[in-house]
1. Using a 1.4 angstrom probe on the protein heavy atoms only, line up Leu82, Leu425, Leu149 by accessible area, largest first.
2. Principal axes first, then extents: for the Cα atoms of the stretch 135-224, list largest minus smallest coordinate on each axis, whole Å, largest first.
3. Under a cut-off of 29 Å between alpha-carbon atoms, report the lysines in cross-link reach of Lys216, not counting same-chain residues fewer than 8 places apart.
4. Rank these by accessible area, largest first, 1.4 Å probe: Arg401, Arg246.
5. For the ranges 177-186, 251-260, what's the packing order if you count other beta-carbon atoms within 10 Å of each residue, average per peptide, and put the highest first?
6. With r defined as the distance between the Cβ atoms of Leu149 and Met174 and R0 fixed at 25 Å, what FRET efficiency is calculated, to the nearest 0.05?
7. Under 25 Å Cα to Cα from Lys404, which lysines show up? Leave out anything in the same chain fewer than 8 places away.
8. Loop only per DSSP, at most 16 neighbouring Cβ atoms within 10 Å: give me the chymotrypsin sites (Phe, Trp or Tyr not before Pro) in the stretch 130-163, ordered by residue number.
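The values are calculated or read from the model by the stated rules, or taken from the named source; none is laboratory data. Predicted model only: the values in this text are computed from it and were never measured. In this analysis, Cβ positions are derived from the backbone assuming ideal geometry, glycine residues included, and neighbour counts consider all displayed protein chains. To get the accessible areas, we keep the full protein, side chains included, count just its heavy atoms, and leave off ligands, DNA and RNA. Shrake-Rupley method; radii C 1.70, N 1.55, O 1.52, S 1.80 Å.
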Amino acid sequence: MSETQIGNSTTGDGPGPTTIVAREEGLHRNLTPAQLAMIGIGSTIGTGLFLGSAISVKLAGPAVILSFVGGACIALTMMWALAEMAAAHPAAGSFGLYAEMYLHPWAGFAVRLTYWFCMMVVVGSEVVAAAIYCKFWFPGTPPWIWIGLFSLVILYVNATSVGNLGTFEYWLSMIKVVTIVAFLILGTALLTGVGFPRVCFANFTAHGGFLPNGWKGVALGVILGLFSFFGIEVVGSTAGEAADPRIAVPKALRRTLFVLVVFYVAGLALVVGIVPWTQIGLVESPFVRVFQTVGIPAASHVMNFVVLTAALSSAVANLYFGARLAFSLARGGYLPAILGRLSRKGMPVVAVLTSAGGMAAALVLSERFKDSLFVFMVGLSTFGALFAWLVTLLTHLAFRRFHKKHANPYLRLGPAGPWASLVGLAGVLAVLISTWWVPGFRITLLAGIPWLAFITVCYFVWRKARPSLPVRGEAQDG
């Protein structure tokens, strides 16, 4: 469905989709389909698989496999929703713009601003994770040195051209993709005894059984399972800079989710099969721990290099996404106009620099909180991602309802009807509520709910002071 098929506003008195998408023009459409997929993979395969997965293992034991399958099912509904809307309205603002079009301008404002702040935290957490990986080689080096060095590199990549960023992210992501495939092959050989002493399958049921913490542990593990899929929404934002977004973006989302499911589920199955789950800690990557356990020290060094590049790749992709959200908010009049300016190469440099605030916070907080910083930052950023997924699924319900009412064709990827999005909504909401009982993640609700109330008050006060801001109404077909 093209934007011209909706003449005015999908929410009434505000600007229509054509106007909303057009205000973000100026970004260069230089990203290839392969780069789109690698940016999505780069955003998701970072600390979630290589470091954050250790938290899930502690919660669920070997049944962490089921936790990640549950997370993948929820992610599938989000992928369907976002891909359909991105194909209809390719723009950098992604789900924030769609919420503004189909729900309410407040929803578009709140989800973009919240996710922007959380992207800053996520980028900071990835840089902290990179510093943790460097401790494997340089245990005596202060973390702030690595955080500062990596932050400069990430900023430089995001401030040049989008073509260079896409190429850089493509090769960083390719390193971890190739290595994870090799890890899956090697891990399978270790588990089954092909060319190595057989580890066998005892670790799946030893140390308390397959469900050492019961189904409650599996359910709580879904939180980290779902967290590991956070980042696929970055592909939706690349629609504003993709060469052929209506074809490339849905394809990239499908490929990204498929790769993630295979990597996460199979990778963690090998991890808990080779290493007793009780021996996996939070201070090192469980993947590195696997190679140490089987006595291949050289391979553990290689794997540590890979997880380091994974964290940096994720930081690059998430800073890219955060900067585009800031750019979108500025172009919509919600942030200072300077954040919506583009360089001669079509890059929102001021938005990039502003969005790097999470790395600056990580640099300061790393000395104060030491090893607890990673878990704290992950928990804080989880609210923003869960809120974004909730809003996206709600928007998709309104999107389909609008197109059905006006008989407008669109690219349908998921099952007909509202049930897939409703199931996804229920899953995301359950995960959000359950964060209250996960150690280190109570901050998700403690910080998220007051934040949402605060920006809601700010929005409506601001809207009253600026009557030109869009208000909700009824959609019109044109």
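1. I get Leu149, Leu425, Leu82, largest accessible area first.
2. 51, 34, 32
3. Lys216 reaches Lys58.
4. Arg401, Arg246
5. Values: 177-186: 17.1, 251-260: 21.6.
Ranked from most to least packed, the peptides come out as 251-260, 177-186.
6. Values: r = 23 Å, r/R0 = 0.91.
Efficiency, rounded to the nearest 0.05: 0.65.
7. Within the straight-line cut-off, Lys404 pairs with Lys251.
8. Trp137
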